[in-house]
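K.L.:
Please read through the structure below; I'll follow up with questions.
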């Protein structure tokens, strides 16, 4: 069997406090040890060392991860920060590299990976749902590596058999009661209060709300249709339409008339972020001794309202969830109809 090229390690240079990697006999300093920036620079440098002529059976896991990183950034570049959604892959990439980086990628079997993930869940207090998400990410990496002929398909197939058992169980976050929202509204800045009202009436995600632009809203019908520039499931090829009923239109219209690039500008930037929007709500609740709630709970409140008055299919259409009972063009047409009905119900 051909011998795999050894991938230089990410190490701590204690005298300087920096991360370091030695490539071709030359030390490269990456910035403060353990920081996201140092890991990003390491991945960039290592990705250049992946040798395509190596047989798949000799690929180390670090080599596969380094090859995956440019693909990851291209797929998940949308979102907050320089790396967008790609930054969410950092923890699992780092874990795999630290625990199994020098091993052949094909040697990471179900038992070994399950033990690694469950140990990390215990040490880092991961919830079971988050641990399962990390498992899904590992499978995605292996699926891609198979398509690039970096590893054999059997390596990916074996990981599909894993069943995780351990991880902190989390209680579902409930919808925020309307009376709590009513208590909060008078104490919020007018723009934040209207953002809260609009989200409660439409069920959109906070991330969809803060990036609203006038150009993205179709106002030709009784129910306006907002197509976000980007959304959570965009990388899966799914579309997203937010339906805006009569009451929601009354709230939105004045802000659209004076909108710049974004409909809801912040005083210090062109728009609010999900973080600054949430913090505005949190601060108000603390200052006025109101039970704390988050904007994500408004979405759940809207869905609960529609589900109780119509049905689960209408709630799914409002939230932009896929239906498990209908597909194709039939689904697309009915989905829009249900979304409009739900928007009219909520206002």
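Where a number appears in this text, it was derived from the coordinates with a stated rule and is not lab data. The shown structure was predicted, so the numbers you read here are calculated from the model rather than taken from an experiment. Reconstructed Cβ throughout: ideal geometry from the backbone, glycine too, with neighbour counts over all protein chains shown.
K.L.:
Got a sec? How would 43, 216, 178 order by Cβ neighbour count within 10 Å, fewest to most?
P.N.:
178, 216, 43
K.L.:
Taking the number of other C-beta atoms within 10 Å as the exposure measure, put 257, 30 in order starting with the fewest.
P.N.:
Values: 257 9, 30 22.
Lowest count first: 257, 30.
K.L.:
Where the Cα atoms of segment 11-159 are projected onto their three principal axes, how long is each span, largest first, in whole Å?
P.N.:
For segment 11-159, the Cα spread along each principal axis is 43, 39, 30 Å.
K.L.:
Sorted from fewest to most neighbouring beta carbons within 10 Å, what does the list 200, 286 look like? If you can, show how the numbers build up before the last one.
P.N.:
Working: 200 26, 286 10.
Placing the least packed residue first, the sequence is 286, 200.
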